[in-house]
Amino acid sequence: MNKPTMNEQLDKVLDAFDQKQHERKQVQNETRSREDAFLAQFSTFRTIVAHPLFEQVGNHLRSRGHDFDISQQDYELQHDGKTRDASISLNIYPSGVERNLSSGHGMPHFSVIASRSSRTVRLHGSNMMPGHGGSAGGRGEFKLEQLTNEILQKELVSLLAEVFTK
């Protein structure tokens, strides 16, 4: 039996490396494909479920003298490597509270945020108003298929109860 040559030994090592690289790339592609599919499903959810509900609630608030706007953010990989999750937010401007157009911070809002990496959806709410304080934080995390219009309504009404009973 002949002893393998150095080139044969190197080829064996490099072949194993190439195989692992191929497998890693395949896993990365499959992961990216699942993440992209999740973001597409979130976009549909945002259009069909969240936006119409936010419009309905906002228009009801407006009919009572308050104001609102809806903002959306698509998933974004920024030039510095940081990411911004896809989201939709209902920004609430109660009557009699000065609306600071330069920043939504300090104003009540309710957001649905899609985490691409974990493929989950987080609800976030803030009942803060300028000069009144308040709190902001998570209001639940769900698999997208578990998040229903009813859950959104319940959490949104709960937040609005906090905002308007201060």
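Summary of computed values
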read-out: Residues satisfying the stated conditions in the range 107-140, i.e. under 12 Å from the mean Cα position of the chain (by Cα), farther than 17 Å from Lys154 by Cβ and not hydrophobic (A, V, I, L, M, F, W, C); value: Ser115, Arg116, Ser117, Ser118, Arg119, Thr120
read-out: Members of the range 1-49 that are within 16 Å of the chain's Cα centre (by Cα) and of a type in the set (Phe, Trp, Tyr); value: Phe38, Phe42, Phe45
read-out: Matching residues in the range 4-44 - criterion: being in a helix (DSSP H, G or I) and either of a type in the set (Ser, Thr, Tyr) or closer than 25 Å to Tyr93 by Cβ (or both); value: Thr31, Ser33, Ser43, Thr44
read-out: Residue tally, condition closer than 25 Å to Asn127 by Cα, part of a strand (DSSP E or B) and touching a residue at least 12 places away in the same chain (Cβ under 8 Å), over the range 69-101; value: 13
read-out: Options Asp11, Asp67, Asp80, Asp18; residue that is exposed (fewer than 10 other Cβ atoms within 10 Å of the Cβ) and of a type in the set (D, E, K, R); value: Asp80
read-out: Tally of residues being without any contact (Cβ under 8 Å) to a residue 40 or more places away in the chain and either surrounded by fewer than 15 Cβ atoms within 10 Å (Cβ to Cβ) or touching a Gly at 6+ places or on another chain (Cβ under 9 Å) (or both) across the range 109-135; value: 17
read-out: Condition check for Leu160: surrounded by 15 or more Cβ atoms within 10 Å (Cβ to Cβ), in a helix (DSSP H, G or I) and over 20 Å from the mean Cα position of the chain (by Cα); value: yes
read-out: From Glu145, Glu155, Glu150, residue being assigned to a helix (DSSP H, G or I), closer than 27 Å to Gln41 by Cα and either touching a strand residue (DSSP E or B) at 6+ places or on another chain (Cβ under 6 Å) or β-branched (Val, Ile, Thr) (or both); value: Glu155
read-out: Condition met for Glu55 (acidic (Asp, Glu), at pLDDT 95 or above and surrounded by 11 or more Cβ atoms within 10 Å (Cβ to Cβ)); value: yes
read-out: Tally of residues being more than 19 Å from Ser115 (Cα to Cα), assigned to a helix (DSSP H, G or I) and of a type in the set (Phe, Trp, Tyr) across the range 45-68; value: 1
read-out: Cross-chain or 6+ apart pairs with Cβ under 7 Å, the range 136-153 first and surrounded by 13 or more Cβ atoms within 10 Å (Cβ to Cβ), then at pLDDT 95 or above and of a type in the set (Asp, Glu); value: Arg139/Glu155; Gly140/Glu155
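The values are calculated or read from the model by the stated rules, or taken from the named source; none is laboratory data. Since the model is a prediction, treat every value here as computed from it, not as a measurement. Cβ sites come from the backbone with ideal geometry, for glycine too, and all protein chains shown count toward neighbours.
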